[in-house]
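Here, each number is a calculation from the coordinates, and none is a lab measurement. Everything quoted here is computed from the prediction, not taken from an experiment. A quick note on method: Cβ atoms are made from the backbone with ideal geometry, for glycine too, and the neighbour counts reach across all protein chains shown.
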Ligand code: C5P
């Protein structure tokens, strides 16, 4: 049953399949909120590295988490990520944060805290939540569950283009290697899921424009009452 604010749409899938862009586009089309959970894990990694807190240092990590305030500004206000009030939208996307975020996301103390915040943000409905554990752990009761898939080569090419457009100096080879490593981390990570839900709709994005993918997901949402 959709919440008072609308559906909960959970989008997960592999790295670089276009989850963020699709989730944002769907949220805009439906006038829903966009919950970018990857940005939250990135903000934790940024804060921890800045404070020199290693992923293995449970105590320091817990106390750091207690002091963190992560805010995702609404889409119409530019979709910025604020860490204790400071705009860190660009910093959290830096390649060195991308490389270390997985080791922080592995820590149960980090996951527990972020999952709780994410669930409370979705309680009302009217949200497009994006991230690997959305339909399995965070919102197993989501009204619409999407898994986005694409071949490694296409994902690497797209990510590389994004980096180049953002002025980041990185080769396609490096991007491909990073994605492969993160794919492996993702596969090995225990997200705490009991299994894969049966009602997930797989969307293969190879060769499709992002607009087409957004339209497909919006159509599925409309069929479910959005
Ligand atoms: O989606 P994005 O690339 O911004 O996510 C950054 C990292 O955060 C992922 O590589 C993964 O390690 C972690 N993450 C996670 N669970 C989520 C979203 C992201 O562990 N729901």
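Couple of notes before you dig in:
- Segment 8-216: proportion of alpha-carbon pairs further apart than 27 angstrom, %: 28 percent
- For segment 109-226, the spherically averaged projection of the C-alpha convex hull amounts to 8.8 nm².
- Computing Rg and the Kirkwood Rh from the Cα coordinates of segment 174-226 gives a ratio, Rg/Rh, of 1.09.
- Structural descriptor for segment 8-216: relative contact order 35 percent, calculated from alpha carbon pairs under 8 angstrom and at least 6 residues apart.
- Cα centroid of segment 165-203 to Cα centroid of segment 1-39, whole Å: 17 Å
- With R₀ set to 30 Å, the beta-carbon distance separating residue 154 from residue 67 gives a calculated FRET efficiency near 0.15.
- Length available on full extension from residue 219 to residue 198: 0.36 nm per residue minus the Cα-Cα distance, which gives 5.6 nm.
- Contact order, relative form, for segment 106-200: 36 percent (alpha carbon pairs under 8 Å, 6 or more residues apart, mean separation divided by residue count).
- Spacing of the two label points (7 Å from each Cα toward its C-beta) at residue 86 and residue 121, in nm: 2.0 nm
- Here the extension length gained between residue 189 and residue 54 equals 46.8 nm, from 0.36 nm per residue of separation less the Cα-Cα distance.
- Peptides 154-162, 177-185, 124-132 ordered by average Cβ neighbours within 10 Å, highest first: 124-132, 154-162, 177-185
- Peptides 93-102, 189-198 ranked from most to least packed give 93-102, 189-198, packing being the mean of other C-beta atoms within 10 angstrom over each peptide's residues.
- Cβ crowding within 10 Å, taken as a proxy for footprinting-reagent exposure, orders 148, 40, 121, 134 from fewest neighbours to most as 121, 148, 40, 134.
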